[in-house]
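The block underneath contains the structure these notes are about, expressed in structure tokens.
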Amino acid sequence: MPEFRNVGEVRGLRSAAFGFMVFLYLPIAILILYSFNSGSLVMVWSGFGLNWYAKAFANADIQRAALNSLIVATVATALATVIATLAALVMTRGGPFRGRGASLAMISLPLMVPEIVTAVAMLIVFAGTGLSLGLGNVIIAHVTFCIPFAFMPIRARLEGMDTTLEQASADLYGSDWATFRYVTLPILMPGILAGAMLSFVISLDDFIITMMVAGAGSTTLPVYIYSMIRQGVTPEVNAVSSLLLLASVLLVTLYWLVTRNRDAATA
Amino acid sequence: MIASAQTPALRRFLGLLPALAVIGLFMLVPVAIMALYSFLEANPFGGIVWRFSPEAYVQFLFERDLADNLVFQSGYLIIILRSLGLAVLATILCLIVGFPIAYFIARQPARHRNIWIYLITIPFWTNQLVRTFAWIIILGRNGTIELPFRWLGILGADDTLGLMYTDFAIVIGLIYAFIPIMVLPIYASLEKLDFRLVEASADLYSSTFETFRRVIIPLAKPGIVAGSILVFIPCLGAFIQPDLLGGGKKLMLGSLVQFQFATARNWPFGAAVAMILLAFVVLCLLWYAQAARRAGAQSGALAHA
Amino acid sequence: MERKTAIDVAGVVKRFGHGPAGVVALKDVSLTIRDNEFFTLLGPSGCGKTTLLRILAGFEAVSDGAVSLYGENIAGLPANRRSVNTVFQHYALFPHMTVAENVAYGPQRLRRPAKEIAETVARMLQLVKMEKFAERRPAQLSGGQQQRVALARALAPHPKVLLLDEPLSALDLKLRQAMRAELKQLQRATGITFVFVTHDQEEALSMSDRIAVMSEGEVQQIGTPAEIYEYPANRFVASFIGDANFITAEIDGIIDGVASCRSARGLSFTLAAAPGGKPGDRVTLFLRPEKVRMEAPGDAGLAGRIQTMEYLGQSIFYQVDIGEDAPLIVAGRNRDDGGTPYKTGDRVSLIIGADALRMLAA
């Protein structure tokens, strides 16, 4: 007699899922582990030590690259978030209009074009026009590809928002501006925050486009890490990489908590 | 608010202007210029000469011998085929691994699902370069995988398993980088799936296998198609994985583009390669749009009910 | 008439979750469903009726106890190996298949010959009057049509037992009433045992051969609609089905099975004693509102005064103050002279037939 089975139950799936998690996290764990290697060869363990972190922190080039990364991410995020918020408001509250679909496609363009194509296209423009603003070039590039990442959560939030709230405000003599300022914007804030965090992470992690458009002196952390890997790896690469990973994980976790509370609040 | 901004059309225009201007000026126009460059002559010292020439595209299949005759050469064709092959392989493997994971998560209690999804998205949002670098440590000479073989003495001090700088290493790197974006859309469509349909299928004498084949997979198809495209496109244009794990010897389209611009300084040819890459992407998206329209036509019938 | 047993449920327990957070959905349920019977599981939501149905279908495993189908123990059998089909509450029609494909699904999985399947599909669609819609998709059908397709799909594999999980709840009132007669007729025509789950007492009374009333994971009473309505086993059954008045009283004495009782406020009643009742027991007396006759004040009957009136069209409900804690609810029929001769505040006499008042087991 066959054994009772719950409908749709597949055996071994749980172990497969845990195995998958190992696949996802083991490489990261190994990378971090080796950053504590005190020896100078990454793959030869010579004992625990924080010396490579100390070295990385003392490295002036790393300091400058990290500072560049922060400046670029902060400025690009601020600009992209404002631009994306305006666009999302038009897309969700602007009613139907001609060119709506085309505008939406255009905003999501950076998501669809392969990074390397975007990278060389921007390189051509910057080189062709002689536009050389140093870090400014990098910031312009980052704003461009951060817009859709900021746009998505903001639009989702606006679409999920109960429009009767805005009607209620209008009913209670709120002008368009007052409605936006006192009703829409406060409710939208978690979406804006989420969009800003995503675009910060994306900017912080970008490598290919930055590599192509960054001139000397505007190297960011990922580009610097790439040049370190090319030169031959020491645990210093692991140390810097681990710190970059940590920054991304913290930001994404924050993003997750913000959006999760939003779900809980509307549930 | 400015009085003139009271008209909805003007407001819409002002609201969309920054986004469209930035993306238009720094993305759409550059890509158009690049398309133009691909039909110009290369300046041997880098950059371009403003003269029309199909040379960049001819270069894919032919090279000129000393007498300036066109001679077929397969090098770049092989790179295109390798890119397609590796991207297809990575996409299929992502699908095979990703679907069961997505199904497993969709069947968890709601409060556990969020945590699983969080754990799967985390690596995706971390630096791809760094995550690919981790695989150098694992696959490389003296790497984590070789370690036990060395301890056991199977591998001598000068031997290596030769895992790095292979197509295998590239595919592993691609799967590792992009599998989360396979799992997420499939999960989204499975989570929406009414589980009573699965029960109905079992009630009507279907084995679990038959239920997957006839009910679950057909209904998860939008997620499967979306996930496959989301993985395939970045795999095809990948630069980091072939560069770091293929050692720059196993070129793919993405690394060929980068090589032409950064090292060979043949901009028209680099632009032509980028255009071919873009053409594949457009084909994918058109196919996807058509699939979505067909699905939409089906659900459009819902509205009439 | 002794008929074969279709389903035997013996001592079934179902727990969800473990430890203190766990929930017991079924506490030791036993019942027998006869062959060719229209059997209804009736109860409020959360009473365990759907859980029991899902156990019969094979969607849930039992925590304890045994389930058999025509003598064969099926407790361990997965859903796809049970000759039992289900009509789901929201139909669960496969959205990516046509009506005909939905109906053919079960016979196909049973690897019936193609010709036979085609015949079965045609016959089933005819049975539910949906032959014109064979090529439609479920989303193109109305709720009532989807309901018919769900029936055809579940009947197509010729199950031994058909399970129906509140199939009418998604339909509007008129359609629901029409479907009742049709379902009953379908059951007679096919000769298949129906197990019907509902929280709607009217549905249960109008269609069922027998009803099992459930509450809090237990079967409260099993019987024909008339038995359940006229002789409810306990206060829960009496109040869940139909309207009821309850009067708390104490038995003064019993002579030849006839008890004389006295209420807290001194009203006295004589009625048939419940088995095991003895003088001094506190008991609950139960009275259906429509079994009380209201007359102009007189010597006969119970004196009272109309507190409120509720006009319901077909009938009129009066709340009559008789000096007890709660007013007595009396149902009067709407009459051809235009409703009711009484108005709020009128004094009336209530005539209660000797058989109308019943004593509930404690």
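Throughout, read-outs are computed from the coordinates displayed, never taken from laboratory work. Everything numeric in this text was worked out from a predicted model, so none of it was measured. As a convention, Cβ positions derive from the backbone with ideal geometry for all residues, glycine included, and neighbour counts pool all protein chains shown.
The residue B:213 and residue B:155 beta-carbon pair, evaluated with R₀ = 51 Å, returns a calculated FRET efficiency of approximately 0.70. The mean count of C-beta atoms from other chains within 10 Å of the C-beta of residues in B:142-151, rounded to a whole number, is 2.
Compute the orientation-averaged projected area for the stretch B:74-236 from the convex hull of its Cα atoms and round it to one decimal in nm². The number I arrive at for the stretch B:74-236 is 13.2 nm². Taking a label point 7 Å from the Cα of residue B:58 along the Cα→Cβ vector, which residues of the stretch B:238-269 have an amide N closer than 16 Å to it? Answer for this model: B:268-269. Across all directions, the average flat footprint of the convex hull enclosing the Cα atoms of the stretch C:237-362 is 8.1 nm². Summarised in one figure, the compactness ratio Rg/Rh of chain B, Cα atoms and Kirkwood Rh, is 1.06.
Principal-axis analysis of the Cα atoms of chain A puts helix A:115-129 at an angle of about 90° to the longest axis. In terms of distances greater than 27 angstrom between alpha carbons, the cross-link table entries B:221/C:14; C:14/C:184; C:49/C:174; C:132/C:184 yield B:221/C:14; C:14/C:184. Partner shielding of B:104-110 amounts to 3, given as the average count of beta-carbon atoms from other chains within 10 Å of each residue beta-carbon.
In chain A, the calculated helix contribution to ellipticity at 222 nm averages -25000 deg cm²/dmol per residue, counting -39,500 (n - 2.57) for every DSSP H run with n ≥ 4.
Each of the peptides A:193-204, B:150-161 was scored by the mean count of other Cβ atoms within 10 Å over its residues; in descending order, highest first, they stand as A:193-204, B:150-161. Counting only other chain Cβ atoms within 10 Å of each residue's Cβ, the peptide A:225-232 averages 3.
Only DSSP H runs of four or more residues enter the estimate; each adds -39500 (n - 2.57), and after division by the residues of chain B the mean residue ellipticity at 222 nm equals -21000 deg cm²/dmol.
Just so you know, the Cα atoms of the stretch A:59-266 work out to an Rg and Dmax of 19.5, 67 Å. Averaging 1/r over each pair of different alpha-carbon atoms in the stretch B:1-124 and inverting the result gives 20.9 Å, the Kirkwood hydrodynamic radius. Helix A:60-93 and the longest principal axis of the C-alpha atoms of chain A enclose an angle of approximately 20°.
Rg/Rh for chain C stands at 1.06; both radii use Cα atoms, and Rh follows the Kirkwood definition. Screening chain B for whole DSSP H helices of 20 Å or more along their axis (Cα) with average Kyte-Doolittle hydropathy at least -1.0 returns B:8-23, B:75-106, B:110-125, B:221-236, B:267-304. The packing ranking, built from the mean of other Cβ atoms within 10 Å per residue, places the peptides B:231-239, C:65-73 in the order B:231-239, C:65-73, highest first. Backbone amide hydrogens, once placed in the peptide plane, bring residue C:87 within less than 5 Å of C:163, C:164, C:165, excluding anything fewer than 5 places away on its chain.
The relative contact order of chain A, computed from alpha carbon pairs under 8 Å that lie at least 6 residues apart in sequence, is 30 percent. Once the C-beta distance of residue A:189 and residue A:55 is scaled by a Förster radius of 45 Å, the resulting FRET efficiency is 0.65 to the nearest 0.05. Each peptide among C:292-298, C:15-21, C:52-58, B:120-126 gets the average number of other Cβ atoms lying within 10 Å of its residues, and from highest to lowest they stand as C:52-58, B:120-126, C:292-298, C:15-21. Normalised by the number of residues in the stretch A:89-234, the average gap of Cα pairs under 8 Å and 6 or more apart makes the relative contact order 33 percent. The charge dipole of the protein assembly as shown, taken about its Cα centre with unit charges on the Cβ atoms of Lys, Arg (+1), Asp and Glu (-1) only, comes to about 1260 debye. Computed over the Cα atoms of the stretch A:112-181, pair by distinct pair, the Kirkwood hydrodynamic radius stands at 15.5 angstrom.
Computed over the Cα atoms of the stretch B:169-305, the ratio of the radius of gyration to the Kirkwood radius (Rg/Rh) comes to 1.14.
Here the alpha carbons of the protein assembly as shown define both size measures, Rg and Dmax, at 37.5, 133 Å. In the stretch A:1-108, the inverse of the mean reciprocal separation of distinct Cα atoms equals 20.4 Å; this is its Kirkwood hydrodynamic radius.
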